[in-house]
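The values are calculated or read from the model by the stated rules, or taken from the named source; none is laboratory data. What you see is a predicted model, and the numbers here were worked out from it, not measured in a lab. Counting neighbours? That spans all protein chains shown, and the Cβs are built from the backbone with ideal geometry, glycine included.
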Amino acid sequence: MDVPAIEVRGLSKRYGEGEAGVDALKGVDMRIAPGEVVGLIGPSGSGKSTLLKCLGAVIEPTGGYMALGGRTVFDGGWKIRDLRSLRRDNIGFVFQAPYLIPFLDVTDNVALLPMLAGKSNREARRQAAELLEALDVGHRAKAAPSELSGGEQQRVAIARALVNRPPVVLADEPTAPLDSERALNVMRILNRMAEQYRTAIIVVTHDEKIIPTFRRLYRIRDGRTFEEAGEGRAT
Amino acid sequence: MISLAGRDILHHWAKYVFTGVGLGLLIGVTLSMAGIYRGMVDDAQVLLRSSGADIWAVQQETLGPYAEPSNLRDDAYRAILGIPGVAEASNVTYLTMQIRQGERDVRVMAVGFEPGRPGEPPFLVAGRRIARSHYEVVADVRTGFRLGERVRIRRHEYEVVGLTRRMVSSSGDPMVFLPLKDAQEAQFLKDNDAIVNERARTASNPALNRPGVPGLLDAILASQTASRSVNAVLVRVASGHEAEQVAENIRRWKHLEAYTRAQMEEILVAKLIETSARQIATFLVILAIVSAAIVSFIIYTMTLGKLRELAVLKLIGTPNRTIAAMILQQSLGLGLIGFVIGKTVATLWAPYFPKYVLLLPGDAVRGLAATIVVCAIASLLAIRVALKVDPATAIGG
Ligand SMILES: Nc1ncnc2c1ncn2[C@@H]1O[C@H](COP(=O)(O)OP(=O)(O)O)[C@@H](O)[C@H]1O
Ligand SMILES: [Mg+2]
């Protein structure tokens, strides 16, 4: 395996102090290659969201090591100052709910990210349009988010996560609100994008419909990760 | 980069416009208050300028004739004419009264003047100057009188022969100019019953009604009913003389108080209008606080309604300064909408105020600056909340 997109060793996270503290992660190890789509599964309260937040540099781990694309991000403490720029340039997020910005149209919801990264409005909108087209929502480019169906909104959210071509995409239950066919469609899109852009994608889920699509899975139990082979069924 | 604030304003335009209208009405009231004050100062200056006087000679130890009552004998002006540097001196009377016009009472300041001398209204917008020495008046258009109309002042009917504009007293009452003799009579003459009573009393006084001295009683009665007082003498200074020097001579030799135009302006603006100015200033401060509270409340609640979006914006890498700028711009945008509406309504409703409202461009600029400052301060609370939003909340549990 060449330089992993995500490498995590002995990552821990403790919420709170002393007696009342909760050890949400007790030693997580992960290695994910560019272009790989892996599932992260486990019962409720097992620490899936916590792990995703640590990987996304949204909350600070308590200990351990974390690198993105071979660059050390965390090693007992943050090794990078500007976490917001790190997120903007390296990590795409897809949430259970799409959380689009209601006062921006579909194109600008996606184009906002390249704009924040310093691209011209024209270039940013061009990139957004291209991706929206690839995700089959190009025809809704001028619509307001509130005018879209749930599935369309989720595809726009995926476009937003991918538009800056981040090496890593973190998706927290992205198919939860969707029916079986749409859920599989989202997985098909993620797999295609991963292949096309060499993006490493972690999908947190307990959605039985999509679990068989992963080639590789991490099961999280009691704050620790266990690697499993998946069925890797074609979507 | 697109304007996040602008997009949000467009998305919630109805809310912005409604709040902007409310704020705008407040700002309109604020600008009008300032305009009313400016109007009072301007009225006072017009009053002084249009009198054509350089010096006001009034009763000793009074601030007359506008700020305090003042009474002089109507021959005092002759003595003043003898002072070097005095080009003209004329008697004037001022009396605030109600005049009946059909169904309504009009509150006016009746000015008695001697035609062709200082105190005469300087320009007319309609009609002619007073030509006869009795029973004609020139009225300010604000009285609502029309040319040719007959109005009753005390015992006599007068014909309105001319109209002036912007001639109001320091309390904003429109002026009515009438010949000095008529005005003196209106101000100082007793009513018929009083005259009859007094005549009877005088006639029954044996010391005054002497059989051996015919004509004495008649002379006494005539002097009792004559009106010999005026309120001020207006003095025009000859060129080449200092007003203050002439005023000083009047004070020293004639046992009168004399004010130059600068001193009169000081009395009117600084003393008479000062309380109103403080009242208005207090009002302005309250309105500024109320406006700040409204803007703050609206921006704050709108920010609370966007916490999720703010978390997402932060998560995807929007810098704090972009988020703070967005809220600041929204606040300023609201202020700007309010200011434009406020300036518009203040201009539209200014003519309907009973008093002159003078909207100075300088006051509008100051109002705009104050709006910007108030809105900037009002956005601070919302910015504080927005910056505290945790991006992790976008991901959820
Ligand atoms: N902000 C927090 N403060 C304290 N405890 C938390 C917080 N977030 C999560 N936890 C705890 O950490 C554990 C893992 O939570 P989470 O990562 O949300 O699990 P999952 O996403 O797998 O349901 C749970 O016991 C939860 O109660
Ligand atoms: Mg969770």
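Just a few scattered comments:
- Of note, A:Asp82 does not satisfy the criterion of being surrounded by fewer than 22 Cβ atoms within 10 Å (Cβ to Cβ), within 14 Å of another protein chain (Cβ to nearest Cβ), at pLDDT below 90 and under 20 Å from the mean Cα position of the chain (by Cα).
- Every residue from the range A:146-184 that is within 16 Å of ligand 2 (Cβ to nearest atom), assigned to a loop (DSSP other than H, G, I, E, B) and either within 14 Å of chain B (Cβ to nearest Cβ) or modelled with pLDDT of 90 or more (or both): A:Glu173, A:Pro174, A:Ala176, A:Pro177
- Residue within the range B:320-334 that is within 30 Å of A:Leu52 (Cα to Cα), within 16 Å of ligand 2 (Cβ to nearest atom) and out of contact with any Gly (no Cβ under 9 Å at 6 or more places or on another chain) present: no
- Residue in the range A:68-86 that is among the hydrophobic types (A, V, I, L, M, F, W, C), part of a loop (DSSP other than H, G, I, E, B) and within 25 Å of A:Arg198 (Cβ to Cβ) present: yes
- Residue satisfying condition, being touching a helix residue (DSSP H, G or I) at 6+ places or on another chain (Cβ under 7 Å) and not assigned by TED's automatic domain parsing to the domain that holds B:Arg142, within set B:Leu348, B:Leu334: B:Leu334
- Filtered residue count, the range A:38-59, keeping only those that are facing chain B (nearest Cβ under 10 Å), under 16 Å from the mean Cα position of the chain (by Cα), outside any helix (DSSP H, G or I) and within 12 Å of ligand 1 (Cβ to nearest atom): 2
- The one condition from (1) over 24 Å from A:Glu208 (Cβ atoms); (2) within 16 Å of ligand 2 (Cβ to nearest atom); (3) in contact with a helix residue (DSSP H, G or I) (Cβ under 9 Å, 6 or more places away or on another chain) that A:Val22 does not meet is (3).
- Scanning the range A:195-231 for residues that are more than 14 Å from ligand 2 (Cβ to nearest atom) and hydrophobic (A, V, I, L, M, F, W, C) returns A:Ala200, A:Ile201, A:Ile210, A:Ile211, A:Phe214, A:Leu217, A:Phe226, A:Ala229.
Residue-wise test of (1) touching a strand residue (DSSP E or B) at 6+ places or on another chain (Cβ under 8 Å); (2) within 16 Å of ligand 1 (Cβ to nearest atom); (3) more than 14 Å from chain B (Cβ to nearest Cβ).
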residue: A:Pro4; (1), (2), (3): yes, no, yes
residue: A:Glu7; (1), (2), (3): yes, no, yes
residue: A:Leu25; (1), (2), (3): yes, yes, yes
residue: A:Pro61; (1), (2), (3): yes, yes, no
residue: A:Gly64; (1), (2), (3): yes, yes, yes
residue: A:Ala97; (1), (2), (3): no, yes, no
residue: A:Leu104; (1), (2), (3): no, no, no
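- Options B:Leu23, B:Leu95, B:Leu31, B:Leu72; residue that is surrounded by fewer than 22 Cβ atoms within 10 Å (Cβ to Cβ) and among the hydrophobic types (A, V, I, L, M, F, W, C): B:Leu95
- Single residue of A:Thr50, A:Thr107 found to be among the hydroxyl-bearing types (Ser, Thr, Tyr), at pLDDT 90 or above and within 16 Å of ligand 2 (Cβ to nearest atom): A:Thr50
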